[in-house]
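The values are calculated or read from the model by the stated rules, or taken from the named source; none is laboratory data. From a predicted model like this one, the values you see are computed outputs, not experimental measurements. Neighbour counts run over all protein chains shown; Cβ positions are idealised from the backbone, glycine included. To get the accessible areas, we keep the full protein, side chains included, count just its heavy atoms, and leave off ligands, DNA and RNA. Shrake-Rupley method; radii C 1.70, N 1.55, O 1.52, S 1.80 Å.
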Amino acid sequence: MGGAMGATGEACISDVGIRHNLADRETARQCVIVLGPGRSGTSMMSAILGQLGYNMGRRLDPANHEDREHEHWGWKDPMSAFYLKEVLPEIGNPLIIALFRDVAATTVSRYKLSKTGLGGAARRAMPSAGTVLGKVLAYQQRMISLLAEIPYPQYWVSYEKATRNRGIFIDDLQVFLGRPISTAQRQAISRLIAPGNRHALS
């Protein structure tokens, strides 16, 4: 796990990700917002937060862990990087978790998904690989710009490193949220992101 965050809120780097602005983080009544392009690990992160007791919505779509009723105690929406700055002033105590995944892997995963459909949904027509890659890169650039503009606590996570270094990832998450993670919760989270689990992306 990375070193302690200083009082000025400077970045704290671990083998999995980077934490920012932790000095401004409150531990009570948090609203955790998960950012990332589709197929970058946001559903995995939403499931993990659910394991930790965060209300990610009352009626979740089982295919992608997105809220059908827009409960905002915690949420993930693949398009949120495009509107989050406008709604943040209305949110009490926001914490941001941003997922980054290899863009080629994200593109391949989106192509596989288009061939099978999501959660039994009908197959969708997909544009060219170049177009999909461009959209992934555009989303990541928008997300990076947003993260640079907002002064709230942030945890930038490498999906690949989190799945390879699960213990460090859970340690990072515990520090970022400022809430203890029990042994049972650690085991459940580790299983969620283990190879072969349905939340482990292909």
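Here are the numbers:
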| quantity | calculated |
| --- | --- |
| Identity of the residue in the range 17-29, of a type outside the set (Ser, Thr, Tyr) and more than 10 Å from Phe176 (Cβ to Cβ), that ends up surrounded by the most Cβ atoms within 10 Å (Cβ to Cβ) | Asn21 |
| Test result for Leu52, aliphatic (A, V, I, L, M), under 13 Å from the mean Cα position of the chain (by Cα), open to solvent by less than 50 Å² (accessible area, probe 1.4 Å) and modelled with pLDDT of 90 or more | no |
| Those residues of the range 7-21 which are at negative phi and either aromatic (Phe, Trp, Tyr) or modelled with pLDDT under 85 (or both), in sequence order | Ala7, Thr8, Glu10 |
| Ala4 being among the aliphatic types (A, V, I, L, M), over 15 Å from Pro153 (Cβ atoms), modelled with pLDDT under 90 and in a loop (DSSP other than H, G, I, E, B) | no |
| Residue pairs meeting the criteria (Cβ under 7 Å; at least 6 apart or on separate chains; first closer than 12 Å to Pro153 by Cβ, in the range 167-179; second of a type in the set (Ser, Thr, Tyr) and not in a helix (DSSP H, G or I)) | Phe176/Tyr155; Gly178/Thr27 |
| The range 169-183, residues that are of a type outside the set (Asp, Glu) and closer than 23 Å to Val103 by Cβ | Phe169 |
| Residue satisfying all of: in the range 76-99; open to solvent by less than 50 Å² (accessible area, probe 1.4 Å) and under 16 Å from Leu137 (Cβ atoms); farthest from the chain's Cα centre (by Cα) among these | Ala81 |
| Checklist (1) of a type in the set (Asp, Glu); (2) at pLDDT 80 or above; (3) under 15 Å from the mean Cα position of the chain (by Cα) applied to Asp67, failing item | (2) |
| Of all residues in the range 115-145 being farther than 17 Å from Ala104 by Cα and touching a helix residue (DSSP H, G or I) at 6+ places or on another chain (Cβ under 6 Å), the one that is modelled with the lowest pLDDT | Arg124 |
